[in-house]
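Rule-based calculations on the coordinates, nothing more; no lab input. The model shown is predicted, which means the values in this text are computed figures rather than measured ones. Counting neighbours? That spans all protein chains shown, and the Cβs are built from the backbone with ideal geometry, glycine included.
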Ligand code: UD1
């Protein structure tokens, strides 16, 4: 198993190019199940999760060629099964459920089960499909859904769910009549997917607001589209500039998608200004401690909470970090403590007392964003840090050690 070894304490300088968004590419690749013919997508990131969804789609008979530019054709679907082995490695595999029921009238998708950051149920995906007329049973750990023809419905999501909104929006494109999604997720990745579906001929309005209206059509045609930049990857590099007392040009990001973070980082004293094609981000004189509360978009993203906590652990005062999206997303705390951070968890809050310096240690990645926070902590720390179980980071960050190394970091991947 690979590990990452970092010799910390080097300020990072230079340009970093942001890759395509994992969380946009995954539903967009799944959406091809709705079309016959060849779709072309640009800016697909090179990540483990993308390999997993490609493997899943291929197992269903979908033809896929290419990497960054990827041609996908679901002319014939030969299987409507998403097996446990693939779903357990990546929960987003559940995104094939809506498209399969809509096009094929049947789907058998493994229940994702728990993961390191909480229970993460898919009850809202299932309830919405039932409201659209699907017959859904849970058998032997699988969601078995059937529908001759889905019907438009007025859906209300109790909680804003990103993949839930995406799954049901995809299903509604081929339903009979109009579907209204109330309390829908507003994430930029939902908008990217809606635009792709519109390119396929779907009739969708309101994506990016909490009410999305989809008028069903009888068929969809293939399209060509671009994946938006990864705002979480961009945010991780922005925080790295502040933590290492450096200056990074984050190229290819979309500043509008990063407003909550930009606002917070400015409060910490960092300087952020627009440049051609991205943002120039540099550290301030000192690191002001700030409070952070995660919320659905446009609030502060839960996927940057761990990285922000690493940053606040070297802040000049006290910071309260409240996690409101997932109930158990503080797995990185025990690892940051091993590096000398002073953090106490009280329910959904982490109380972070800034320390002058973190110290290198042997650490273990527990989930995707937790591993990013350990890399940031290690880059700012005195001494050497080893991070094991880096397969978590390969799920969501393209060539992370190469990108940091090009900015001047002393970071190596070691294969054991
Ligand atoms: C997506 C992102 C993930 C991000 C998360 C929140 C993808 C592939 N993943 O995950 O990176 O951290 O949004 O921004 O896009 N919930 C239910 N029932 C459901 C569905 C969700 O109770 O049926 C709850 C979850 O447990 C959680 C909250 O809703 O507390 C939000 O989760 P959700 O937006 O669904 O997360 P994902 O779509 O899985």
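Does the range 1-126 classify as rounded, prolate or oblate by the C-alpha gyration tensor (a ≥ b ≥ c root eigenvalues; a/c under 1.5 gives rounded; else a/b over b/c gives prolate, otherwise oblate)?
oblate
To the nearest 10 degrees, how steeply does helix 188-199 sit against the main Cα axis of the chain, on a 0 to 90 scale?
Once rounded, the angle reads 30 degrees.
Evaluate the distance, in nm, between pseudo-label points positioned 7 Å from the Cα of residue 293 and of residue 67 along their respective Cα→Cβ axes.
With each label point 7 Å from Cα toward Cβ, the separation is 4.3 nm.
For residue 76 and residue 342, what does the FRET efficiency come to when R0 = 51 Å and r is the distance between their Cβ atoms, rounded to the nearest 0.05?
Given R0 = 51 Å and the Cβ-Cβ separation, E is 0.30.
Between residue 211 and residue 106, what's the calculated FRET efficiency when r is the beta-carbon distance and R0 is 35 Å? Round to 0.05.
0.75
Need one number: nm distance between label points at residue 328 and residue 245, each 7 Å from Cα along Cα→Cβ, rounded to one decimal.
3.9
Spin-label point model (7 Å from Cα, Cβ direction): what's the residue 391 to residue 355 distance in nm?
3.1
Determine the shape class of the range 25-226: with a ≥ b ≥ c the square roots of the Cα gyration tensor eigenvalues, call it rounded for a/c under 1.5, and otherwise prolate if a/b is greater than b/c, oblate otherwise.
The shape class here is rounded.
Rounded to the nearest 500, what is the 222 nm mean residue ellipticity of the chain from helices alone, with -39500 (n - 2.57) per DSSP H run of 4+ residues and division by all residues?
My calculation for the chain gives -9000 deg cm²/dmol from helical runs alone.
For the chain, give me the percentage of DSSP beta bridges that are antiparallel, rounded to the nearest 5 percent.
Bridges in the chain that DSSP calls antiparallel: roughly 70 percent.
May I ask you to derive the FRET efficiency for residue 254 and residue 286 from their Cβ-Cβ distance with R0 = 22 Å, giving the value to the nearest 0.05?
0.15
List residues of the range 349-375, by number, whose backbone nitrogen lies under 20 Å from a label position 7 Å along Cα→C-beta of residue 412.
360-365, 375
Assuming 0.36 nm per residue, please report the length gained on full extension of the stretch residue 221 to residue 159 beyond their Cα-Cα distance.
Length gained, residue 221 through residue 159: 19.1 nm.
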